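Undergrad: Attaching a single structure in structure tokens format; questions to follow.
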Amino acid sequence: MTPPLTADPAAHVERALCVLAHPDDVDFGSAGTVALWTAAGTEVTYCVVTDGDAGGFDDTPREQMGPLRQAEQRAAAATVGVTDVRFLGYPDGRLELSLDLRRDISRMIRQVRPQRVLTSSPERVWDRIGASHPDHMAVGESTLRAVYPDARNPFAFPELLIDEGLEAWTVPEVWLGASPRADHAVDVTDVVDRKFAALNSHITQVSHQPAGRLEEFVGGWMRQTARAHGLPDGRMAEAFHVVHTA
């Protein structure tokens with residue numbers, strides 16, 4: 001008999017791949033968790049599907065915004081121990097489920113060969129609509145389709161194997177951020193300064209806020225998450241729905 005699946009993730013993995021829609025998505029939702037992973041020796045790769053060219057709060061020319069946000073994401077990644085940051089170059093705000101996107105994420109999975117993939121939930125959070133940007137949900141669903149069945153099936157997107165030599169790879173677990181059914185909380189209190197440093201690296205996105213406002217807002221959000229998952233008062237957490245896929 002097959003044992004029941006649980007939400008308990010692997011204690012440690014060698015390689016993890018984070019697939020998110022925009023620069024800064026991984027930092028708002030997961031930078032503390034990533035900091036803990038890299039500190040424990042996990043090699044983490046970021047795959048950012050767009051360049052974030054539809055973001056910002058000033059009159060920066062649109063052709064400059066994408067390169068600016070790429071640089072900001074690389075700087076943010078460095079604060080939590082990530083040096084491998086890759087961009088797929090899809091248009092910000094216009095992501096849709098497509099075979100091209102599935103293929104490109106499948107390629108990334110076969111290149112990185114991660115034991116864990118972190119992405120956004122494809123489910124809408126009705127009581128916190130800002131967590132459910134259409135791009136986030138499109139990337140979450142596309143990534144899950146790439147994890148199963150595409151990346152593990154040598155006959156899916158055969159050009160990846162025939163033309164690029166990328167053999168099939170099975171990802172054992174997926175962590176979904178901003179999920180309405182989060183079942184695993186990570187206490188990030190001890191690395192929260194690194195998370196805030198990552199967030200403040202996104203100057204085009206956060207510099208319009210008064211000093212300290214970002215930390216106050218995100219800190220309060222993480223304390224609420226910690227309380228909801230039974231952590232002691234004053235702790236801060238990031239929460240995920242862990243899906244076992246092997």
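Derivation of every value follows stated rules applied to the coordinates shown; laboratory data play no part. The structure displayed is predicted, hence computed values, not measured ones. As a convention, Cβ positions derive from the backbone with ideal geometry for all residues, glycine included, and neighbour counts pool all protein chains shown.
Undergrad: What size of dipole, in debye to the nearest 20, comes out for the chain about its Cα centre when the only charges are +1 on Lys and Arg C-beta atoms and -1 on Asp and Glu C-beta atoms?
TA: Value, rounded to 20: 400 debye.
Undergrad: Can you work out the Karplus-derived ³J(HN,Hα) for every residue in the stretch 235-241? Use 6.51 cos²θ - 1.76 cosθ + 1.60 with θ = phi - 60°, whole Hz, and x for glycine or proline.
TA: Using θ = phi - 60°, the values come out as 7, 10, 9, 10, 10, 9, 9 Hz.
Undergrad: When only C-alpha pairs under 8 Å and at least 6 residues apart count, what is the relative contact order of the chain, in percent?
TA: Over the chain, the number comes to 25 percent.
Undergrad: What residues have an amide H closer than 5 Å to that of Arg152, excluding those fewer than 5 places away on the same chain, when H is modeled at 1.01 Å from N in the peptide plane?
TA: Trp169
Undergrad: Another question, if that's okay. At 18 angstrom or more along the helix axis (alpha-carbon based) and mean Kyte-Doolittle of 0.0 or higher, what helices does the chain contain? Whole DSSP H runs only.
TA: Taking the DSSP H segments of the chain (at least 18 Å long, mean hydropathy at least 0.0), we get 25-39.
Undergrad: Let me ask another. What residue among Arg69, Arg128, Arg194 has the largest mean-square fluctuation in a Gaussian network model of the chain, using Cα springs under 10 Å?
TA: Arg128
Undergrad: Would you mind counting up the charge near Arg124? Only other residues with Cβ under 15 Å from its Cβ, with Lys and Arg at +1 and Asp and Glu at -1.
TA: Working: positive: Arg128, Arg181; negative: Glu123, Asp127, Asp135, Glu141.
Net charge around Arg124: -2.
Undergrad: For the chain, give me the percentage of DSSP beta bridges that are antiparallel, rounded to the nearest 5 percent.
TA: Antiparallel bridges make up about 30 percent of those DSSP assigns within the chain.
Undergrad: Please report the spacing between the Cα centers of the stretch 209-246 and the stretch 31-63 in Å, no decimals.
TA: 18
Undergrad: Can you tally the net charge around Gly66? Count Lys and Arg as +1, Asp and Glu as -1, for every other residue whose Cβ sits under 12 Å from the Cβ of Gly66.
TA: Here the count lands on -3.
Undergrad: To the nearest 500 deg cm²/dmol, what mean residue ellipticity at 222 nm is calculated for the chain from DSSP H runs of n ≥ 4 alone, each contributing -39,500 (n - 2.57), summed and divided by the residues?
TA: -11500 deg cm²/dmol
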